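Reviewing the structure listed below.
The values are calculated or read from the model by the stated rules, or taken from the named source; none is laboratory data. Quick caveat: nothing in here was measured; it's all calculated off a predicted structure. Cβ atoms come from the backbone with ideal geometry, glycine included; neighbour counts cover every protein chain shown.
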Amino acid sequence: TVKEMVARILATAGPVLATQGNLNNHIGVPKTLLQLAADHRFAVIEMGASGPGEIDYLVHLAKPQVALVTNVLPAHIEGFGSLEGIARAKGEIYSGLRADGTAVLNQDEPWAAQWRAVLPCTRVLTCSVENQSADVFASDIELDIDGCAGFVLHLPEQRVPVRLQIPGRHNVFNAIAAAACAHAVGIEATAIAAGLETMQGVTGRMQVKAGAKGARIIDDTYNANPASMKAAIDVLAERDGRRVLVVGDMGELGVDAARMHREVGTYASDRGIDLLLATGELSAHVVAGFAGDACLLPDRQALAERLLAELSNDVTALVKGSRSAGMEEVVARVVATEEGAECFTG
């Protein structure tokens with residue numbers, strides 16, 4: 001989401017090349033860089049890794065002017081061994097900065113001081129959701145009836161109101177981080193706000209869709225880890241009416257996978273979710289951690305059929321899981337057709 005926000009902001013100032021989808025590895029990054037043309041003013045390159053050393057390789061190919069680590073979460077932890085291993089690997093992105101480049105640091109991230117200590121550049125911009133000691137931060141955060149945030153964006157010596165069009169309080173940080181990156185390359189505050197306000201969301205990331213029987217479906221199926229799952233539950237918990245959480249497995253969590261899934265179930269209970277529907281071997285632990293009405297289904301087909309039976313015009317259902325869980329298939333089966341009912345195939 002941060003990548004898309006940065007690209008949307010920069011597009012107000014000139015042609016932008018941006019990573020498409022999740023082409024962020026040793027194949028995807030070079031493929032993207034090969035698309036650079038003389039008329040591109042900016043390039044927004046996402047870098048991912050499944051193990052140490054991979055980002056270091058990619059960042060020395062791209063040689064960025066600005067670099068940002070959004071956060072350190074226990075996603076893909078199997079390849080890194082620990083959260084500290086993930087932090088070290090993500091911090092490799094700063095090693096490829098030019099001497100005159102800018103490091104954007106998430107001031108709320110515990111690893112920020114560790115990254116700052118090894119920066120090859122002298123220019124640093126800090127960002128935070130609400131910490132006013134940061135260079136870029138937000139204040140006066142309010143959520144509307146659809147869960148979309150309005151806030152005042154504070155930049156060095158500038159401030160401007162912003163109204164996001166995508167739901168979730170967690171998207172305030174995404175917007176702040178994107179704003180810091182754009183500010184680092186000279187984009188004005190008004191243009192930053194305009195870019196953020198035109199952001200309509202990314203496929204499979206907090207997309208609100210019309211469901212069968214008048215229900216609302218929140219499609220957040222692009223990917224999942226424990227932190228993003230809890231952030232999504234927060235969005236669902238703020239909805240009126242009956243709230244249904246629909247989950248598939250979260251992948252690559254290593255030896256703590258069962259515990260992390262159980263914690264998601266407990267968190268959903270604590271946030272007052274009315275019904276939990278799940279499928280997958282690990283998602284059984286989500287069900288085990290949920291204190292309320294819950295059901296574990298054998299596959300996505302059965303899950304979609306059960307969800308369809310639960311839908312009505314006062315229901316909001318959030319659907320989420322890792323890419324490997326294929327939860328987008330569930331969404332496809334329960335969104336409203338032109339006739340107002342869902343067609344099941346296959």
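For the range 315-336, the tally of residues that are touching a residue at least 40 places away in the same chain (Cβ under 8 Å), basic (Lys, Arg) and touching a helix residue (DSSP H, G or I) at 6+ places or on another chain (Cβ under 6 Å) stands at 1.
Only residues that are buried (at least 22 other Cβ atoms within 10 Å of the Cβ) and either at positive phi or touching a residue at least 40 places away in the same chain (Cβ under 8 Å) (or both) were counted in the range 94-115, giving 4.
Could you tell me which residue of the range 205-240 is nearest to residue 308 (Cα to Cα), considering only residues that are in a loop (DSSP other than H, G, I, E, B) and touching a strand residue (DSSP E or B) at 6+ places or on another chain (Cβ under 6 Å)? Even if it seems obvious, please write down each step before you answer.
Step one: of the range 205-240, the residues in a loop (DSSP other than H, G, I, E, B) are 206, 215, 221-225, 238-240.
Cutting the leftovers down to touching a strand residue (DSSP E or B) at 6+ places or on another chain (Cβ under 6 Å) gives us 206, 215, 221-222, 224, 239.
Details: 206: 20, 215: 10, 221: 17, 222: 21, 224: 23, 239: 19 Å.
Across the range 205-240, the extreme among qualifying residues is 215.
Yes or no: residue 41 surrounded by 19 or more Cβ atoms within 10 Å (Cβ to Cβ) and either assigned by TED's automatic domain parsing to the domain that holds residue 180 or not acidic (Asp, Glu) (or both)? No: the conditions fail for residue 41.
Looking at the range 136-155, is at least one residue at pLDDT below 90 and surrounded by 14 or more Cβ atoms within 10 Å (Cβ to Cβ)? Yes - at least one qualifying residue is present in the range 136-155.
Taking the range 33-48 as the range and being within 21 Å of the chain's Cα centre (by Cα) and over 16 Å from residue 69 (Cβ atoms) as the test, only 43 passes.
Residue-by-condition table, conditions (1) under 21 Å from residue 235 (Cβ atoms); (2) in contact with a Phe, Trp or Tyr (Cβ under 8 Å, 6 or more places away or on another chain):
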residue	(1), (2)
91	no, yes
101	no, no
110	no, no
113	no, no
138	yes, yes
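So in the range 249-298, with the set limited to residues that are hydrophobic (A, V, I, L, M, F, W, C), part of a loop (DSSP other than H, G, I, E, B) and surrounded by 19 or more Cβ atoms within 10 Å (Cβ to Cβ), which one is farthest from the chain's Cα centre (by Cα)? I'd like the intermediate steps shown before the answer.
Residues of the range 249-298 hydrophobic (A, V, I, L, M, F, W, C): 250, 253, 255, 257-258, 260, 264, 268, 273, 275-278, 282, 284, 286-288, 290-291, 294-297.
If we keep only those that are part of a loop (DSSP other than H, G, I, E, B) as well, we get 250, 253, 273, 282, 290-291.
Still in the running and surrounded by 19 or more Cβ atoms within 10 Å (Cβ to Cβ): 250, 253, 273, 282, 290.
Working: 250: 14, 253: 17, 273: 21, 282: 21, 290: 24 Å.
Taking the candidates together, the pick is 290.
If you filter the range 23-32 down to residues that are in a loop (DSSP other than H, G, I, E, B) and without any contact (Cβ under 8 Å) to a residue 24 or more places away in the chain, you find that the one that is farthest from the chain's Cα centre (by Cα) is 27.
Residue-by-condition table, conditions (1) part of a helix (DSSP H, G or I); (2) closer than 19 Å to residue 174 by Cβ; (3) of a type in the set (A, V, I, L, M):
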| site | (1), (2), (3) |
| --- | --- |
| 3 | yes, yes, no |
| 8 | yes, yes, no |
| 13 | no, no, yes |
| 21 | no, yes, no |
| 49 | no, no, yes |
| 56 | yes, no, no |
| 72 | no, yes, yes |
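As a summary of the residue check, residue 169 satisfies the conditions (1) under 27 Å from residue 323 (Cα atoms); (2) over 15 Å from the mean Cα position of the chain (by Cα); (3) not assigned by TED's automatic domain parsing to the domain that holds residue 323 except for the one numbered (2). Here the range 71-86 is the region considered, the condition is being modelled with pLDDT of 90 or more and surrounded by fewer than 19 Cβ atoms within 10 Å (Cβ to Cβ), and the residue that is nearest to residue 45 (Cα to Cα) is 85. Of the residues screened, residue 184 is not one that is closer than 23 Å to residue 80 by Cβ, touching a Leu at 6+ places or on another chain (Cβ under 6 Å), among the small types (Gly, Ala, Ser) and surrounded by fewer than 24 Cβ atoms within 10 Å (Cβ to Cβ).
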